[in-house]
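Beneath this line is the structure, given in structure tokens, with notes to follow.
No lab work stands behind these numbers, since they all come straight from the coordinates. These numbers come from a predicted model, not from an experiment. Cβ placement follows ideal geometry from the backbone for every residue including glycine, while neighbour counts extend to all protein chains displayed.
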């Protein structure tokens, strides 16, 4: 065979060319400049924050992967750009207790940097479907318990915490970015050992609360508590300890952080949301609601804006969405009422005049 400029000198199919390119790759490599034949990492480049591989001679070529050898080969010149590559992703999706056939999986789940050695071991799932006999079910439970005993304490706590965070995120419909952020905070808490002996689920709940705050979509302690099996008091204690131990600074929560979600859940239009945001902001500037929580201020502002519009909502309806008592909403509203004319935006379209607003 004759190779000219890294290409075959007779016309053949693309498939055959790839086969010959792979066969000639070592011969081609020997003829390349020594400056190119360095360690494989010299062919790596950073693209959009991720590591990618390209041929130094043909940067635009689509590399061919040899799955058996784990090599990446340039189809233009036959250069082995990367070798001994390892795929850390799952081979395919597989579900436990499926009886349609043998489980084809030969590898575990995708690599998780938050877990230690436990992430590379086999996990035993315990199912409770009717397809399994009682004896086999007990065998699964026994093996799963034995496996947990063999895990080190740090990995066991981390695994439990990730499970709690995943479940809570699903219950209150939080995005994956917040779930991942909470998992990272939980890992930092375990590494610091500052909350040793505290309830593991309370720690996970506090981490989820902090992650929501950091992402700019705060949730109330009541919402986090409702999604967990621990008390609000326990979550609050863990929250304070985590902030202190990790030296984390969080931006102050304002009523504006809750307006979009509360108004959306109430089915109110954007005009009322904008008016309520203006009312709450002006009330704080005028020092009308000193000592009141941002949630109470947001609820009272929404109540005032809705009562002045054609989309009226009761204090009870707003309180149920905001997680505040009806009495609390009305008490905060009473603080706003005397100066209502100063709080509304100038372009607000009143369906009910300020003078006709309910006093409570």
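Neighbouring Cβ atoms within 10 Å as the yardstick, rank 303, 333 fewest first.
333, 303
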Counted neighbours (other Cβ, 10 Å), sorted fewest up, put 220, 332 in the order 220, 332
Added length on full extension, which subtracts the Cα-Cα distance from 0.36 nm per residue, residue 250 to residue 327
24.7 nm
Taking all pairs of distinct Cα atoms, average 1/r, flip it, and tell me the Kirkwood hydrodynamic radius of segment 261-337 in Å to one decimal place.
11.9
So how long is each side of segment 180-271 along the principal axes, counting just the alpha-carbon atoms, biggest first, in Å?
48, 26, 21
Cα-based equivalent ellipsoid, segment 239-299: semi-axes from gyration tensor eigenvalues, Å:
26, 16, 9
Given a Förster distance of 45 Å, the FRET efficiency implied by the Cβ-Cβ spacing of residue 243 and residue 69, rounded to the nearest 0.05, works out to 0.30
Given a Förster distance of 35 Å, report the FRET efficiency between residue 290 and residue 153 from their Cβ-Cβ distance, rounded to the nearest 0.05.
0.15
Relative to the present Cα-Cα distance, how much length would full extension add between residue 223 and residue 339 at 0.36 nm per residue of separation?
38.6 nm
Neighbour-count ranking for 349, 334 (other C-beta within 10 angstrom, fewest to most) reads 349, 334
